[in-house]
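S.K.: What follows is a structure written as structure tokens; I'll ask about it next.
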Amino acid sequence: MEYSEALFRRAVQVMPGGVNSPVRAFRAVNMVPRFIERADGAYITDEDGRRYIDYVCSWGPMILGHNHPAVRTAVEQAVQNGLSFGAPTRGEVELARLMVDMVPHIEMVRMVNSGTEAVMSALRLARGATGRDKLIKFDGCYHGHCDSMLVNAGSSALAGGCPSSAGVPAGAARDTLTARYNDLNSVRALLEANSGQVAAVIVEPVAANMGVIPPAPGFLQGLRELCDEHGALLIFDEVITGFRLAPGGAQACFNVRADLVTFGKIIGGGMPVGAYAGSRALMELVAPCGPVYQAGTLSGNPVAMAAGLAQLRWLKEHAWIYDDLADKAAVLAQGLRKIAAAAGVPMQVNQIGSLLSPFFTAGPVTNAAQAKSSDTEAYARYFSGMLQRGIYLAPAQFEAMFLSDAHSREDIERTLCAAEEVLTPLFLSE
């Protein structure tokens, strides 16, 4: 790691913590980050020439694998015409039409530049549509770094032991109410205590920022019913689940209608893209049609639109890969469970579709409190051992593992062989 260490020493002099996103600093696993030089298929290669099987996949969007030929060719062709115009292009129209065609219950799309921006804009739209100020989110769910969502947040905010943030105004936090994931009664109590004041309930339909936690049977359907009963909008944050669980995302997977849906970089083939979408009636409240203002010079960037079109078209035409991805993830999850059980290591492995995560805890994990019972030091040792054996996992306990179409059965077998070496009581007690 000579070059990675040298780069990190230089990085900490010019960037906070040496990184541009906190989890990359590897602080949760007590290590120096690897600086990545290139990626192809299921593999990434660091600046020291070490090659790893990658289960981060740029935090989800690389569902086809890194550097997929269809996406790369689309980008190469697009850059020949220029990088950014700040004006409408054919690509953004075609991508929006494709998304409307693939995702149930959405009629219009507004492109933005990140998942955070998508969530921020959807929340503003919900408040504008309802004339209400308060929001309900769930403990441990992460919806980007906009002020009102950095309350009991997940992802690296949770891993860092600081689920909220300095610099968030008291007023922004005051209007954000926190419920327990998979607990409808906690949502009902908040709606009743704040009758007529809640604009929206926002949820990760599969929580994937406190580790992977699927919704309990009836949970999402119950949220839909509660929102209808109390006049609140239901927002699905599908920055992770959109186009990853199914071609139509969580709404198709669970047969539950959301009023607004947010998407992230998977719709741009991994490039900096986001979007929010919903019914025509709601979306036409957004400027220039309506009074809810939101704008962005780089929104609908032509290169990102080309990458996204290539990826979503491929997914639509090869929808069978979703079953294959789920099968591969199930093999990996079950293999990890068996290895941990044989070694006497307390581990839970949650899995749904191509998402999974191991929790170093003895009991089931269905909410943030149970996730936080995990032994984070054991995860750090597990991460280190796997990295040494060429397996690149999320550098924090409270993150997801992602599989791609490029991961082979041989890659999974190699991963399980590494886990069998690492998951021993002796190793985890070091």
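The values are calculated or read from the model by the stated rules, or taken from the named source; none is laboratory data. Just so you know, these numbers come straight off a predicted model, no measurement behind them. Note that we place each Cβ from the backbone using ideal geometry, even for glycine, and neighbour counts take in every protein chain shown. Accessible surface is based on the protein model in full, side chains and every heavy atom, while ligands, DNA and RNA are left aside. Shrake-Rupley method; radii C 1.70, N 1.55, O 1.52, S 1.80 Å.
S.K.: Rounded to the nearest 10 Å², what accessible area does V349 show when all protein chains are kept and the probe is 1.4 Å?
M.R.: So the heavy atoms of V349 present about 10 Å² to solvent.
S.K.: Could you calculate, for the range 51-113, the ratio of the Cα radius of gyration to the Kirkwood radius, expressed as Rg to Rh?
M.R.: Across the range 51-113, the Cα-based Rg/Rh ratio is 1.03.
S.K.: For the range 352-410, what are Rg and Dmax over the alpha carbons, in angstrom?
M.R.: Rg then Dmax for the range 352-410, in Å: 12.5, 35.
S.K.: Subtract the Cα-Cα distance of L298 and N20 from 0.36 nm times their separation in residues, and report this length gain in nm to one decimal.
M.R.: 98.1 nm
S.K.: Taking 0.36 nm per intervening residue step and subtracting the Cα-Cα distance, what contour gain separates T424 from E377 on full extension?
M.R.: Using 0.36 nm per residue and subtracting the Cα-Cα distance, I get 15.5 nm.
S.K.: Along the charge dipole of the chain, Cβ charges K/R +1 and D/E -1, which of S354, S195, F402 sits furthest on the positive end?
M.R.: S195
S.K.: Between beta-carbons, use under 15 Å as the cut-off and find the net charge around K338, counting Lys and Arg +1, Asp and Glu -1.
M.R.: Taking every other residue near K338 into account, the sum is -2.
S.K.: Per residue of the chain, what 222 nm ellipticity follows from adding -39500 (n - 2.57) for every DSSP H run with n ≥ 4, rounded to the nearest 500?
M.R.: Helix contribution divided over all residues of the chain: -11500 deg cm²/dmol.
S.K.: Then there is this: Given springs between every Cα pair under 10 Å in a Gaussian network model of the chain, which of P247, P395, P346 has the largest fluctuation?
M.R.: Largest GNM mean-square fluctuation: P346.
S.K.: Please report the Cα spread of the range 196-241 along all three principal axes, rounded to whole Å, starting with the longest.
M.R.: On the principal axes, the range 196-241 reaches 33, 21, 14 Å in Cα extent.
S.K.: If you don't mind, there's one more thing I want to ask. Measuring from label point to label point, each 7 Å out along Cα→Cβ, what is the E410 to R9 span in nm?
M.R.: 3.8
S.K.: Would you mind giving the three semi-axes, in whole Å and largest first, of the ellipsoid equivalent to the range 20-75 according to its Cα gyration tensor?
M.R.: 23, 13, 10
S.K.: Now, a different point. What lysines could a cross-link reach from K338, if we take a straight Cα to Cα line under 21 Å and drop same-chain neighbours fewer than 8 places away?
M.R.: Within the straight-line cut-off, K338 pairs with K328.
S.K.: Over all directions, average the projected area of the Cα convex hull of the range 5-122 and note it in nm².
M.R.: If you wrap the Cα atoms of the range 5-122 in a convex hull and average its projections, you get 10.5 nm².
S.K.: On to the next question. So what's the range 272-315 giving for Cα Rg divided by 2.2 N^0.38 Å, two decimals?
M.R.: Dividing the Cα Rg of the range 272-315 by 2.2 N^0.38 Å gives 1.39.
S.K.: Using a basic spin-label model with each label point 7 Å from the Cα along Cα→Cβ, how many nm lie between A173 and E2?
M.R.: The answer from the label model is 4.8 nm.
S.K.: How large is the Kirkwood hydrodynamic radius of the chain, in angstrom, based on all distinct alpha carbon pairs?
M.R.: 22.0
S.K.: If the cut-off is 13 Å between C-alpha atoms, which aspartates and glutamates fall inside it for K134, apart from same-chain ones fewer than 8 positions away?
M.R.: Result set, ordered by chain and number: D175, E192.
S.K.: Would you list which lysines come within 21 Å of K265, measuring only between C-alpha atoms, while excluding same-chain residues fewer than 8 positions from it?
M.R.: Cross-link targets: K316.
S.K.: Could you size up the charge dipole of the range 236-365 around its Cα centre, putting +1 on the beta carbon of Lys and Arg and -1 on that of Asp and Glu, and report it in debye to the nearest 20?
M.R.: Charge dipole of the range 236-365: 180 debye, to the nearest 20.
S.K.: What percentage of all Cα-Cα pairs in the range 224-352 are separated by more than 25 Å?
M.R.: That fraction is 43 percent.
S.K.: Describe numerically, in nm with one decimal, the distance between label points set 7 Å from Cα along Cα→Cβ at Q77 and at R224.
M.R.: Rounded to a tenth, the inter-label distance reads 3.8 nm.
S.K.: Which of these, A200, A172, A87, has the largest mean-square fluctuation under a Gaussian network model of the chain (Cα springs below 10 Å)?
M.R.: Between A200, A172, A87, it is A87 that shows the largest mean-square fluctuation.
S.K.: Let me check something: with ligands and nucleic acids excluded, how do Y382, Y3 order by accessible area (1.4 Å probe), largest to smallest?
M.R.: Y3, Y382
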